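Below is one structure, written out as C-alpha cells; comments come after it.
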Protein chains: 2
Amino acid sequence: MAETTEQASDIVEAWLKQEGAINPQKAPRLQELLAKVPRKELISIVERQNALRAALALRLLPREKSIAVFDALDAKHQADIIDELGNADVYEFFDELEPEDRVALLDELPAEIADRLLRSLTKSKRDVTGVILGYPKRSVGRRMSPEVPDIHPDMSVDEALDMLRSQSDELETIYTVPVTRPDRRLVGVVSLREIFTAESGVSIDSIMQEPLFAYASADAEETVRWFLPLDMLALPIVDDSHRLVGLLTFDDATDIVEEADSEDSARAGGTEALQQPYLSTPLLKLVRSRIVWLLVLAVSALLTVQVLDSFEDTLSKAVVLSLFIPLLTGTGGNTGNQAATTVTRALALGDVRTRDILSVLWSELRVGMLLGAVLGLAGLGLATVVYGADIGIVIGSTLFLICSISATVGGLMPIVAKTIGADPAVFSNPFISTFCDATGLIIYFLIAKTVLGI
Amino acid sequence: MAETTEQASDIVEAWLKQEGAINPQKAPRLQELLAKVPRKELISIVERQNALRAALALRLLPREKSIAVFDALDAKHQADIIDELGNADVYEFFDELEPEDRVALLDELPAEIADRLLRSLTKSKRDVTGVILGYPKRSVGRRMSPEVPDIHPDMSVDEALDMLRSQSDELETIYTVPVTRPDRRLVGVVSLREIFTAESGVSIDSIMQEPLFAYASADAEETVRWFLPLDMLALPIVDDSHRLVGLLTFDDATDIVEEADSEDSARAGGTEALQQPYLSTPLLKLVRSRIVWLLVLAVSALLTVQVLDSFEDTLSKAVVLSLFIPLLTGTGGNTGNQAATTVTRALALGDVRTRDILSVLWSELRVGMLLGAVLGLAGLGLATVVYGADIGIVIGSTLFLICSISATVGGLMPIVAKTIGADPAVFSNPFISTFCDATGLIIYFLIAKTVLGI
C-alpha cells in the first residue's frame, strides 16, 4: 500500500498503542510502515510510548535509525527501555552513545547493570567515560564532550584546516576550535569560519581570540545561563590547571536549560519533574512525583486548622467571618505566588543575584502595597454594600495587609533559599500559599476582633 | 589604578546604581573602568539597569562594545533605552542590528518612532526588514535570518567552498548550507563540515541530504520545540511555494524557547511575563503585570463567598466545619496545580497532544484517586482522633473526592484550552485553584450535611 508519511506514522502509533505485544504476522508490515516515517516523527512517536512499546519499535527499526532514535531519548526513558531490550541491542546502543550521554544513562541504571555495560566498552571508550564520571553530578564536566582538536597557536590556518579535516571523524564539533599550548593549556579560541575565511599563510595566533571558558567542576546550569545568551556554538572547558578537557556544545547547553526549566516549572506546581515524557511515565511514578509534596503541604496546612481553632470563639460569635476565608487566603496565596514566580525566574536567568535582596525587598513591598490598596478598596466597597460597614472595614484592611506581606515574603523566599544554598524553587508556590494562608488568617482575625469588638 | 576585572565591574555597577546622572568629572574614570569589564559581564550589568542608567553606560562604552551590548538586550529594554539616547546613537544601534532583531525592536516602539527609524535605513536594509515585517507576529518568518547562501546541487564542493568564502560576510551562518535550484526552491541541505571533509571534485548533489524545513508562516514556538531537540545549527525556512526565504539559527531558536518558558512560568504564577530584566522593570510595570490577574482571581473567588453563604446555616450549626476550609481548599488547589503544571509542560514539549485527551483523563483520574486515598486515610485518622468519628468521615471522604476531581480537572484544563485555540497557560494555576476551591467547598458541605444530618 502507498501511505503518505503522515498516514504511516498515524498507523504506526495506533498499532503501538494497542497494549501488549504485536502479532508477529504483522511485524513485517509494521516494519515497512516504520521505514516511511521520518526521523523527527519517529523520535516523537517513540518518546510517547511506555518502555515495552518503545523497545518494540526500536527492535523493528533499521539499525541506524534505531540508534539515532534511542540516542534522542531522555536518559530516564533509555534506562527503562534497556530492561525490555535484548543484551546485544543494549550493548550496541550503549556503545554508540556520545560519552556524556552514556554517563547520563549510567546514572539512571542500577549499579550492576551499569558495571556490566561499562565493561562491554573498548578500553579507550571506557577511559573517556571514566573521566566524565569523575566529575560531580550537575557539573559542566558531566555534560561536556571530551573530544577536542589539537590546534596550536603557531600553526598556519592551512595547517589548522588540514588538521581539523583529518580529526573531524572523532570530534563532536569542528566549528569552535580551542587553541592550546603543547602542555594542553587553553590559550585562545577561533571559529572554523574565521580560519576558513582568513588568508592562506596567516597564523592561528594572529586570528585567535581571548577564550571564554568554564571550569569542568562548575555548576552546569549556572554556566549555560551565561553561555547560551552569547550565541556561541561551543564553550571550552578546562580543569583546575587551566588545561583543556572538553567542549560544551550549544545542544548540550540547551538540554541543560530545558531540564532546569522543567524542574523549575514542576517545583512551582508542587511536583517533582518527571524526567521523561508524560505519556510514557508509569502511573505510580506520576503518583510518586506528587505525593510527597502533597503530604508535606497538607501537614503544613494543619497550621491553618490550628490558627482557626484558636479563633473558634470569634468564629462562633460571627459566622459571617468564615465566608471570606477562602477569598482572603486565596488572594494572599496568589499575591505571594506572583512575587515568587517572578523572582525565581529572574534568579534563574541571572537578572537578580542574592546580593540584590534589598532592592527586591523594596520593590516587592511597594508593589504589594499598591496591589493591596487596589484590592482593599474594592473589598471595602463590596463588603460594605452586602454585609455592612464593619465587615467592609475588616475585609478592606485585611486585604491591604495580606497583599503587602505576601508580595514581600513571596519575593524574598527564593533569594533566601538561594542564599542558604537551596534550590530557589524549593519554596515552591504551593508552599508559599500555605504560609500566606496561615499568616493571612491571623491578620484577619486580629483585625476582626479589634474592629468588631469581640 | 590597577583593578582586576571583577573589581572594575563591581565599581561600575555601584556607580551606575547611584540614582540620577553621573558627575561629568567622573565620566573619564568610569570609561576607563568600563573598558576593563569583559563583554559577558557588561551585558549582565547593563541588563540590570533601568533605561536611564543603561543608556548612560552605553554612551560611555567604546563604539563596538556598545553596539554588541545593545544587541544582546531584550527588545522591550532596547525600546525603553532608545528614549534616553541621542538620535545619532539610536540610528547607529538600529542600523547594526540583525534584521530579525530590528523587527523585534520595531514591534516595541511607537509607530512614529518606528517609521522614522525605518526611513533611516539604506534601501536594501529597509527591504529586508520589510519582508520580515510582512510575516505574522509569533511566526517563524519574524525570527529567521533572511540572508541565505546561493548554493546549487550541480556545484562541486570546491566551488561551494569558494562561494561560501566570498559570501561569508553577508551571511549569519555558513555552517548549515541550504541547497536551492535556480528558481530558489529548496532541494537539499548540507553542512559546512560535510562539504569541508568531502573529497575534492565531488558534487554537492551527491552529499546533500533531504532537507528538514519549516514554513515562514508557521508558529515559531511549535517549530523550535521540534527543531531544537534535533541538535541542528539552523533550519531552512521556505515560503508557501517552497522557495527558500531564510534560516532559523539555533540561537534565535533558543531565544524563542526561553521567551515561551518565561511566559509559561509567569502564567503558572498568575502574572504576565515581564519581557525585560526584573531590576530594570519600572515599579508600575511590575504592578501592571500582576493586577489584572489578581483582580480576575479575586472576582472568581467571590464564588467561594457565595457558596459559603448558601451553607451559612450548616456552618452556624457546626462551626468546627470552618476550621478545615483552608486545608481542604488548599489541598484541592495543590492537586489541581500539580496536574495542570505537568500537563502544560508536556504540551509545551510536545509529549502530549490534544488528541491524547482521553489518555490524560484516564491517567489523571487514577492518579487523583490514589492521591486522594492516601490523603483521605490520613485525614480520616487524624480528624477522628481530635474531633471525633463523624468529622473524621467527613474530612476523609471529602479529601478523597477533592483530589480525584481536582487532578482530573487540572489535567484536562490545559488540553481544553489548547483545543479551543487558547494558550494552555491561560488556565493558570491560580485560576485552577479558585475553581477547585469552589467545587471542593460544595462537596465538603454536601457530605457534611449528609453525615452530620444537619
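The values are calculated or read from the model by the stated rules, or taken from the named source; none is laboratory data. As the structure is a computational prediction, the values presented were derived from the model and not from experiment. Here the Cβ is made from the backbone with ideal geometry for all residues, glycine too, and neighbour counts use every protein chain on show. To get the accessible areas, we keep the full protein, side chains included, count just its heavy atoms, and leave off ligands, DNA and RNA. Shrake-Rupley method; radii C 1.70, N 1.55, O 1.52, S 1.80 Å.
Could you please find all residues in the stretch B:125-157 being open to solvent by 20 Å² or more (accessible area, probe 1.4 Å) and more than 32 Å from the chain's Cα centre (by Cα)? Can you show your working first?
First pass over the stretch B:125-157, keeping only residues open to solvent by 20 Å² or more (accessible area, probe 1.4 Å): B:125-128, B:130-131, B:133-138, B:142-143, B:146-148, B:150, B:152-156.
Matches in the stretch B:125-157: B:Asp150, B:His152, B:Pro153, B:Asp154, B:Met155, B:Ser156.
Go through the residues of the stretch A:306-316 one by one and say whether even a single one is in contact (Cβ under 8 Å) with a residue 60 or more places away in the chain and assigned to a loop (DSSP other than H, G, I, E, B).
yes
How many residues are more than 39 Å from the chain's Cα centre (by Cα), surrounded by fewer than 17 Cβ atoms within 10 Å (Cβ to Cβ) and not hydroxyl-bearing (Ser, Thr, Tyr) when one looks only at the stretch A:362-384? Steps first, answer last, please.
The initial filter retains those residues of the stretch A:362-384 that are more than 39 Å from the chain's Cα centre (by Cα), namely A:377-384.
Of the ones still in play, those that are also surrounded by fewer than 17 Cβ atoms within 10 Å (Cβ to Cβ) are A:377-378, A:381, A:384.
Of the ones still in play, those that are also not hydroxyl-bearing (Ser, Thr, Tyr) are A:377-378, A:381.
Total meeting the criteria: 3.
Report yes if some residue within the stretch A:170-178 is at pLDDT 95 or above and farther than 21 Å from B:Ala234 by Cα; otherwise report no.
The answer is yes, given that some residue of the stretch A:170-178 is at pLDDT 95 or above and farther than 21 Å from B:Ala234 by Cα.
Residues are listed down the side, and each one gets a yes or a no for (1) of a type in the set (A, V, I, L, M); (2) surrounded by fewer than 20 Cβ atoms within 10 Å (Cβ to Cβ); (3) modelled with pLDDT under 85:
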residue	(1), (2), (3)
B:Gln7	no, yes, yes
B:Lys17	no, yes, yes
B:Ile22	yes, yes, yes
B:Leu73	yes, no, no
B:Leu97	yes, no, no
B:Asp101	no, no, no
B:Asp107	no, yes, no
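Filtering the stretch B:256-272 down to residues that are at the interface with another protein chain (Cβ under 8 Å from one of its Cβ atoms) and within 26 Å of B:Val140 (Cβ to Cβ), which residue is modelled with the highest pLDDT? Before you say what the answer is, go through the steps one by one.
First, the residues of the stretch B:256-272 that are at the interface with another protein chain (Cβ under 8 Å from one of its Cβ atoms): B:257-258, B:261-262, B:264-266, B:268-271.
Among the residues that remain, those that are also within 26 Å of B:Val140 (Cβ to Cβ) are: B:257-258, B:261-262, B:264-266, B:268.
On the way: B:Val257: 88, B:Glu258: 84, B:Asp261: 83, B:Ser262: 83, B:Asp264: 81, B:Ser265: 80, B:Ala266: 83, B:Ala268: 77.
Residue satisfying both the conditions and the ranking: B:Val257.
For the stretch A:193-215, give me each residue that is open to solvent by 70 Å² or more (accessible area, probe 1.4 Å) and of a type in the set (Asp, Glu).
Filtering the stretch A:193-215 down to residues open to solvent by 70 Å² or more (accessible area, probe 1.4 Å) leaves A:199-200, A:205-206, A:209-210, A:215.
A:Glu199, A:Asp205, A:Glu210 - these are the residues of the stretch A:193-215 that are open to solvent by 70 Å² or more (accessible area, probe 1.4 Å) and of a type in the set (Asp, Glu).
I'd like the residue in the stretch B:311-347 that is hydroxyl-bearing (Ser, Thr, Tyr) and facing another protein chain (nearest Cβ under 7 Å) and, out of all such residues, is nearest to B:Leu441 (Cα to Cα).
It comes out as B:Thr329.
Tell me which residues, restricted to the stretch A:348-393, are part of a loop (DSSP other than H, G, I, E, B) and within 9 Å of another protein chain (Cβ to nearest Cβ). Let's see the steps before the verdict.
Of all residues in the stretch A:348-393, those part of a loop (DSSP other than H, G, I, E, B) come to A:350-353, A:388.
Listed by number, the residues that qualify are A:Gly350, A:Asp351, A:Val352, A:Arg353.
So which residues in the stretch A:158-176 are crowded, with 16+ Cβ neighbours inside 10 Å and touching an Asp or Glu at 6+ places or on another chain (Cβ under 8 Å)?
If the condition is that a residue be crowded, with 16+ Cβ neighbours inside 10 Å and touching an Asp or Glu at 6+ places or on another chain (Cβ under 8 Å), then A:Met163, A:Leu171, A:Glu172 are the ones that fit.
Here are B:Ala220, B:Ala234, B:Ala253: which of them is of a type outside the set (Ser, Thr, Tyr), in contact with a Leu (Cβ under 6 Å, 6 or more places away or on another chain) and more than 9 Å from every other protein chain (Cβ to nearest Cβ)?
Within the list B:Ala220, B:Ala234, B:Ala253, the selection yields B:Ala234.
Against the condition open to solvent by less than 40 Å² (accessible area, probe 1.4 Å), aromatic (Phe, Trp, Tyr), more than 7 Å from chain A (Cβ to nearest Cβ) and over 30 Å from A:Val367 (Cβ atoms), how does B:Phe227 come out, does it pass? Outline the logic, then answer.
Numbers: open to solvent by less than 40 Å² (accessible area, probe 1.4 Å): yes; aromatic (Phe, Trp, Tyr): yes; more than 7 Å from chain A (Cβ to nearest Cβ): yes; over 30 Å from A:Val367 (Cβ atoms): yes.
Yes, satisfied.
Can you tell me how many residues within the stretch A:432-444 are crowded, with 22+ Cβ neighbours inside 10 Å and either more than 24 Å from A:Asp313 (Cβ to Cβ) or not aliphatic (A, V, I, L, M) (or both)?
Total meeting the criteria: 7.
Hey, could you check the stretch A:275-294 for residues that are aliphatic (A, V, I, L, M) and within 7 Å of chain B (Cβ to nearest Cβ) and say which is surrounded by the fewest Cβ atoms within 10 Å (Cβ to Cβ)?
Pass one, the stretch A:275-294, residues aliphatic (A, V, I, L, M): A:279, A:283-284, A:286-287, A:291-292, A:294.
Now narrow it down to the ones that are within 7 Å of chain B (Cβ to nearest Cβ): A:279, A:283, A:286-287, A:291, A:294.
Numbers: A:Leu279: 18, A:Leu283: 12, A:Leu286: 24, A:Val287: 19, A:Ile291: 19, A:Leu294: 22.
By that ranking, first place goes to A:Leu283.
Given A:Ser404, A:Ser397, which one is under 13 Å from A:Thr335 (Cα atoms), without any contact (Cβ under 8 Å) to a residue 60 or more places away in the chain and among the hydroxyl-bearing types (Ser, Thr, Tyr)? Break it down into steps so the answer makes sense when it comes.
On the way: A:Ser397 fails: under 13 Å from A:Thr335 (Cα atoms).
From the options A:Ser404, A:Ser397, the qualifying one is A:Ser404.
Considering only the stretch A:13-88, give the helices (runs of 4 or more DSSP H) lying wholly within it that have at least 2 residues that are β-branched (Val, Ile, Thr) and farther than 17 Å from B:Ser359 by Cβ.
Details: elements: A:27-36, A:39-47, A:51-60, A:63-72, A:75-82.
The qualifying helices (runs of 4 or more DSSP H) are A:63-72, A:75-82.
Does B:Arg185 count as in contact with a His (Cβ under 6 Å, 6 or more places away or on another chain) and open to solvent by 30 Å² or more (accessible area, probe 1.4 Å)?
Values: in contact with a His (Cβ under 6 Å, 6 or more places away or on another chain): yes; open to solvent by 30 Å² or more (accessible area, probe 1.4 Å): yes.
The answer is yes for B:Arg185.
Please identify the pairs in which a residue from the stretch B:48-72 that is more than 14 Å from every other protein chain (Cβ to nearest Cβ) and farther than 14 Å from B:Leu33 by Cα has its Cβ atom under 9 Å from the Cβ atom of a residue that is outside any loop (DSSP other than H, G, I, E, B) and among the β-branched types (Val, Ile, Thr), counting only partners at least 6 apart or on another chain.
B:Ala51/B:Ile81; B:Ala51/B:Ile82; B:Leu52/B:Ile81; B:Ala55/B:Ile81; B:Ala55/B:Ile82
Only one residue in B:Leu235, B:Leu161, B:Leu212, B:Leu186 is more than 25 Å from A:Thr197 (Cα to Cα) and in contact with a helix residue (DSSP H, G or I) (Cβ under 7 Å, 6 or more places away or on another chain), so which one is that? First the steps, then the outcome.
Numbers: B:Leu235 fails: more than 25 Å from A:Thr197 (Cα to Cα); B:Leu161 fails: more than 25 Å from A:Thr197 (Cα to Cα); B:Leu186 fails: in contact with a helix residue (DSSP H, G or I) (Cβ under 7 Å, 6 or more places away or on another chain).
That would be B:Leu212, the only listed residue that is more than 25 Å from A:Thr197 (Cα to Cα) and in contact with a helix residue (DSSP H, G or I) (Cβ under 7 Å, 6 or more places away or on another chain).
Please pick out the residue among A:Val190, A:Val179 that is buried (at least 19 other Cβ atoms within 10 Å of the Cβ) and either within 13 Å of another protein chain (Cβ to nearest Cβ) or in contact with a Leu (Cβ under 8 Å, 6 or more places away or on another chain) (or both).
A:Val179
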